[in-house]
1. Looking only at the stretch 125-138, decide whether some residue is in a helix (DSSP H, G or I), open to solvent by less than 20 Å² (accessible area, probe 1.4 Å) and at pLDDT below 95.
2. For the stretch 73-104, give me each residue that is surrounded by 14 or more Cβ atoms within 10 Å (Cβ to Cβ) and over 17 Å from the mean Cα position of the chain (by Cα).
3. Counting only residues that are in contact with a Lys or Arg (Cβ under 7 Å, 6 or more places away or on another chain) and touching a residue at least 60 places away in the same chain (Cβ under 8 Å), which one in the stretch 39-71 is surrounded by the fewest Cβ atoms within 10 Å (Cβ to Cβ)?
4. Across the stretch 43-85, which residue is modelled with the lowest pLDDT among those that are aliphatic (A, V, I, L, M) and farther than 14 Å from LEU9 by Cβ?
Amino acid sequence: MEYIAHDLLKLTEEANLISYTPIPDWVEHSLAKAPFVVVRRAVHRDSLIPVGVRGERRNQRFGAFVSKQAVKQRIRPEDLVSIFQNEYFRNMPAIGALKEVAIILKDFAWGPTGSVGFEFASGAEVVTTTSDLDILIRLSSYLSVEQAQLIVNQLKECPVSVDVQVETETGAFSLVEYARGEKTLLLRTVYGPSLVKLNQLV
């Protein structure tokens, strides 16, 4: 199984984080409450999966690695859409905005990431009244700049700020940046950010 950026992984009870730097004390506490990590956009080393641990505070983020044997369950952002549609969730602006987003993105493979995605997958109440809504679109066909502009304009009507990352086979880019139609665009890859020509993306 291939693990890619923004996948949420539930870890086994025996799982150990592998880190080349000291692990902060809060990491163990966070994993005890919710044994979930998110796959980072980085090169996989020695068959290890690059992951990030999130703490209770916004500045508590820690990058490490886990083995494939440490993974109990893999949840993709797009898997969380059906969970939202079939279950009740807390009354938070960022969660409520998903209803509008679902209509706007009905023709795409998409799903929530960030705090909303983490809460849906883990059950940990991490979304606050000030949380933004982070969305991933998994692109499988051509997306024109005009289409992107239409989506961006529609998303501006949502009650919260919606940040959309578009995932392709080579990396991810911001939907807002793409909609500007400039000649070059920042592509986020496992090797780091890279400037690419617009016509090389889709």
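1. Restricting attention to the stretch 125-138, the residues satisfying the condition of being in a helix (DSSP H, G or I) are none.
No, the conditions are met nowhere in the stretch 125-138.
2. We begin by selecting, within the stretch 73-104, every residue surrounded by 14 or more Cβ atoms within 10 Å (Cβ to Cβ); these are 74-81, 83-84, 89, 92-98, 100-101, 104.
Correct list: PHE89, MET92, PRO93, GLY96, GLU100, ILE104.
3. ARG41
4. ILE83
Here is a yes/no grid of residues against (1) over 30 Å from GLU169 (Cβ atoms); (2) among the polar types (S, T, N, Q); (3) touching a helix residue (DSSP H, G or I) at 6+ places or on another chain (Cβ under 7 Å):
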residue: HIS6; (1), (2), (3): no, no, no
residue: LYS10; (1), (2), (3): no, no, no
residue: PRO22; (1), (2), (3): yes, no, no
residue: PHE36; (1), (2), (3): no, no, yes
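The values are calculated or read from the model by the stated rules, or taken from the named source; none is laboratory data. These numbers were taken from a predicted model, which means no experiment stands behind them. Because the Cβ atoms are built from the backbone with ideal geometry, glycine has one as well, and the counts that use them run over all protein chains shown. SASA here: full protein model, heavy atoms, side chains in, ligands and nucleic acids out. Shrake-Rupley method; radii C 1.70, N 1.55, O 1.52, S 1.80 Å.
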